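Below is one structure, written out as structure tokens; comments come after it.
The values are calculated or read from the model by the stated rules, or taken from the named source; none is laboratory data. Note that this is a predicted model, so its numbers are computed, not measured. Cβ placement follows ideal geometry from the backbone for every residue including glycine, while neighbour counts extend to all protein chains displayed.
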Amino acid sequence: MANPTQPNVGFTPERESSNPEKSPIPPPPSFVASPPGFPPPKLHLQQDQASSRSVKTPNVLSPANGVTTGSPVPHLSTPPGPPVFTSPVRPAAVPFRTSPASPQPLAFSSASSLPTSSSPLQFSNGSFESQHQVSDSIEDHVPLGESSFVLFSAHKVLKRKKQANVPSLGFGALVSPGREVSMGPQIIQRDPHRCQSCGAYANIYCNILLGSGQWQCVICRKLNGSEGEYIAHSKEDLHRFPELSSPMFDYVQTGNKRPGFVPVSDSRMSAPIVLVIDECLDEPHLHHLQSSLHAFVDSLPPITRLGIILYGRTVSVYDLSEEAMASADVLPGDKSPSQESLKALIYGTGIYLSPMHASLAVAHSIFSSLRAYKLNVPEVSRDRCLGTAVEVALAIIQGPSADLSRGVVKRSGGNSRIIVCAGGPNTYGPGSVPHSFSHPNYPYMEKTAIKWMENLGCEAHRHNTIIDILCAGTCPVRVPILHPLAKTSGGVLVLHDDFGEAFGVNLQRASARSAGSHGLLELRTSDDILITQVVGPGEESHVDTHETFKNDTALYIQMLSVEETQSFSLSMETEGDIKSDFVFFQFAIQYSNVYQADVSRVITVRLPTVDSISAYLESVQDEVAAVLIAKRTLLRAKNHSDAIDMRATIDERIKDIALKFGSQLPKSKLHSFPKELSLLPELLFHLRRGPLLGSIIGHEDEREGGTFEELPAYDLAMQSDAAVVLDHGTDVFIWLVCLLLRVLA
């Protein structure tokens, strides 16, 4: 295992192969075409949550290849699916309102659309039998949707290394380990059976010795004992074990490692949400924010406990027991709160966390009482003690809070969440920076502020609290200072144009999404497969954070939070010619869920290997392949100059794919593009032309020099020797008058 790296930094794991005869992979061959050629894949771990739109159903899937399909492939969409709004987005449009009267809650769906898997697969047995008492390695029928957490760029793998390792097309997968499914996975409430050699989990593809109960690992092929659990008279007797009847299952341990902490269910009490709101806003921004906040509290479930804190030069903690008026306890913002002041606040008579069924009217009155900033001070120069406000919010969550319905003291039921609504930078108190960049000591103060924010985020993470920062408005918020606070706690920072509809939707999403914590993702593949690049929200794990096995070649990735909308993209290569009929991939994610139960989710995938290039191309999923190519490309587009180079790289990819997989045209040196990949060039065209790599406003054709003769379109269209071409961005409309005249004649 390689040395641990910092987040967002590339790393290359040192993976030992179980086959000593294999030689290291040489670098991919460079292109013959003119530079710039696309670079060979490197192993990176980058923050990313992008996803694709849909998945192509492979044209040829047969039981002989170990794969059958029973239903159309599920489609992908950008996570999570938002409600439909009018276009363009308007800051304070309906359904947001400005007063508590006549509630109009925003229609919001908590269900997120995520990268789903390659098509719901059914597998047939293809493993060898070592003796007459060996059971089949898999059911004849695998329930649909069980492997919907993983999307592969192809459903088959080429056996020959030279054919498989074509970097222009590549091979990989999109993995969404935290995705929830409506039916739920198979749940096992006991310790898992793991390979004592490589650490892989027993799964549906393992060969079982029925007489002794031993099972053969699909990753390293070693035999392991099951303490007699897998002893059976027939294969059917093994169906009672979820791990041997489903490719995806969850191990759940409800025992808690925190003394004195008893997790409670959602029906009794939910984890609290604390809003930390910037009070230094001008009238237009405040008006939009109030609309979003009113709609937000209307959308919360009745059992959700809410706290409200405002910050400016001071920190105002609102008492939710005061129904007649908006009442708040005020703390100074120039320094961190003392233990005495926090004790006086927490053990006082005020109620600062209250379920919505008891405090909805109070919350509406608080939001309606907010006033715009009155002093004649520029937005960027206003005093904002954001750091102190978050410290107070953490103390409120950790301290005892009264339950209005019972009057008893309870602790948080799971992962808590702080949502910061910021309209400007943190310029006052701990973690702050000067108003102006021209301050003589600004670089040092910025470095100190970043470190302080990182420590505060780590403290929140230790207390199972996630901090999301939603910024809006035209005032710079100094993202380099605020981002470490969100990142180290497992949250996100999102920028908005204003506090209107988009802000309100994300506010509701932040409160609705469930997040696990302390995640550890394990990636294991057959010896023939090597992971060369990882893009996703994590970093390589330290060696002492996971169990060690004597021949463990897995790649471990540490995740601060585990959520539905997260996705990893994996790029892979083959280390040598593959001789087996199948290759195996196992993805295991260990995390603590919102109720502090320890969950180990295991997903095992088996792909058939083929010699035929045509069969391989038929199994390629164009959309998944395009997403993997896009992520690898965008990682190198650090600036405008790099983006221009990457556009040329995409062109080179298309040429090389045609050269490697296409057929040569008769009497020509050109190669036709493979018909099996007909959708891929269009997807890469949109990547090249779109806002990520292309020009944001207009494109090259619209900026070409020259003189243009202004003619009405209908005059030009009636000329028999002319054609009218209308470029509509994603579509091109062509009017050929000469063809029309032939039809009329």
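Inspect all residues belonging to the stretch 197-207 and state whether any of them is in contact (Cβ under 8 Å) with a residue 40 or more places away in the chain and part of a strand (DSSP E or B).
yes
Which residue pairs have Cβ atoms closer than 7 Å, lie 6 or more positions apart in sequence or on different chains, and pair a first residue in the stretch 272-287 that is farther than 22 Å from A393 by Cβ with a second residue that is surrounded by fewer than 24 Cβ atoms within 10 Å (Cβ to Cβ) and small (G, A, S)?
D282/A372; E283/A372; H287/A92
From (1) basic (K, R); (2) at pLDDT 90 or above; (3) within 32 Å of the chain's Cα centre (by Cα), pick out the condition that doesn't hold for R688.
(2) is the only condition that R688 fails.
When you go through (1) at pLDDT 80 or above; (2) in contact with a helix residue (DSSP H, G or I) (Cβ under 6 Å, 6 or more places away or on another chain) one by one for L404, which number turns out not to apply?
It is condition (1) that L404 fails.
Where the second residue is assigned to a loop (DSSP other than H, G, I, E, B) and the first is farther than 16 Å from R382 by Cβ and lies in the stretch 415-441, which pairs have Cβ atoms under 6 Å and are six or more apart or on separate chains?
N415/A271; N415/N464; N415/V594; S416/A271; S416/P272; P430/S336
Residues in the stretch 608-617: is at least one of a type in the set (S, T, N, Q) and touching a strand residue (DSSP E or B) at 6+ places or on another chain (Cβ under 8 Å)?
Yes - at least one qualifying residue is present in the stretch 608-617.
Restricting the search to the stretch 645-680, which residues are modelled with pLDDT of 90 or more and of a type in the set (A, V, I, L, M)?
Of everything in the stretch 645-680, those that are modelled with pLDDT of 90 or more and of a type in the set (A, V, I, L, M) turn out to be M646, A648, I650, I654, I657, A658, L659, L677, L679, L680.
Scan the stretch 432-448 for residues that are surrounded by fewer than 24 Cβ atoms within 10 Å (Cβ to Cβ) and either in contact with a Gly (Cβ under 6 Å, 6 or more places away or on another chain) or part of a loop (DSSP other than H, G, I, E, B) (or both) and jot them down. Give the steps one after another, and end with the answer.
To start, the set of residues in the stretch 432-448 that are surrounded by fewer than 24 Cβ atoms within 10 Å (Cβ to Cβ) comprises 433-448.
Correct list: V433, P434, H435, S436, F437, S438, H439, P440, N441.
Among the residues of the stretch 192-212, are any surrounded by fewer than 23 Cβ atoms within 10 Å (Cβ to Cβ) and touching a Pro at 6+ places or on another chain (Cβ under 6 Å)?
No, because not a single residue in the stretch 192-212 is surrounded by fewer than 23 Cβ atoms within 10 Å (Cβ to Cβ) and touching a Pro at 6+ places or on another chain (Cβ under 6 Å).
Go through the stretch 589-636 and count every residue that is in a helix (DSSP H, G or I), closer than 21 Å to E573 by Cβ and small (G, A, S).
Result for the stretch 589-636: 5.
For S641, all conditions in the list (1) over 30 Å from R462 (Cα atoms); (2) in a loop (DSSP other than H, G, I, E, B) hold save one; what is the number of the exception?
Condition not satisfied by S641: (2).
Going residue by residue through the stretch 607-614, is there one that turns out to be surrounded by fewer than 18 Cβ atoms within 10 Å (Cβ to Cβ), touching a Phe, Trp or Tyr at 6+ places or on another chain (Cβ under 7 Å) and either among the small types (G, A, S) or under 23 Å from T532 (Cβ atoms) (or both)?
Scanning the stretch 607-614, I find at least one residue that is surrounded by fewer than 18 Cβ atoms within 10 Å (Cβ to Cβ), touching a Phe, Trp or Tyr at 6+ places or on another chain (Cβ under 7 Å) and either among the small types (G, A, S) or under 23 Å from T532 (Cβ atoms) (or both), so the answer is yes.
Tally time: how many residues in the stretch 461-482 are within 24 Å of D383 (Cα to Cα) and either in a strand (DSSP E or B) or not hydroxyl-bearing (S, T, Y) (or both)?
Of the residues in that region, 15 qualify.
Any idea which of (1) more than 30 Å from I654 (Cβ to Cβ); (2) in contact (Cβ under 8 Å) with a residue 60 or more places away in the chain; (3) in contact with a strand residue (DSSP E or B) (Cβ under 6 Å, 6 or more places away or on another chain); (4) not hydroxyl-bearing (S, T, Y) is the one K631 doesn't satisfy?
(1)
Take the stretch 327-349 and flag every residue that is touching a strand residue (DSSP E or B) at 6+ places or on another chain (Cβ under 7 Å) and more than 26 Å from G431 (Cβ to Cβ). Working first, answer last.
Filtering the stretch 327-349 for residues touching a strand residue (DSSP E or B) at 6+ places or on another chain (Cβ under 7 Å) gives 327-333, 337, 341, 345.
The answer is S327, and nothing else.
For the stretch 346-365, give me the residue count where each residue is out of contact with any Ser or Thr (no Cβ under 9 Å at 6 or more places or on another chain) and within 19 Å of E323 (Cα to Cα).
Selection size over the stretch 346-365: 4.
If you go through the stretch 301-328, how many residues are under 36 Å from the mean Cα position of the chain (by Cα) and aliphatic (A, V, I, L, M)?
8
If I go through the stretch 651-668 residue by residue, how many of them are touching a residue at least 60 places away in the same chain (Cβ under 8 Å) and either of a type in the set (D, E) or surrounded by 19 or more Cβ atoms within 10 Å (Cβ to Cβ) (or both)?
Of the residues in the stretch 651-668, 6 are touching a residue at least 60 places away in the same chain (Cβ under 8 Å) and either of a type in the set (D, E) or surrounded by 19 or more Cβ atoms within 10 Å (Cβ to Cβ) (or both).
Under the condition of being of a type in the set (F, W, Y) and closer than 20 Å to V605 by Cα, which residue from the stretch 213-249 is surrounded by the most Cβ atoms within 10 Å (Cβ to Cβ)?
Among those residues, the one meeting the criterion is W215.
Being assigned to a loop (DSSP other than H, G, I, E, B), within 26 Å of V477 (Cβ to Cβ) and in the same structural domain as H439 (by TED's automatic domain parsing) narrows it down to one residue among S336, S321; which is it?
From the options S336, S321, the qualifying one is S336.
Please determine, by comparing only the residues of the stretch 525-552 that are touching a Gly at 6+ places or on another chain (Cβ under 9 Å) and β-branched (V, I, T), which one is modelled with the lowest pLDDT.
Result: T548.
Looking only at the stretch 276-305, which residues are out of contact with any helix residue (DSSP H, G or I) (no Cβ under 6 Å at 6 or more places or on another chain), outside any helix (DSSP H, G or I) and of a type in the set (A, V, I, L, M)?
Correct list: I277, L281, I303.
Can you tell me which residue among S489, S416 is at pLDDT below 90, closer than 19 Å to I277 by Cα and within 24 Å of the chain's Cα centre (by Cα)?
S416
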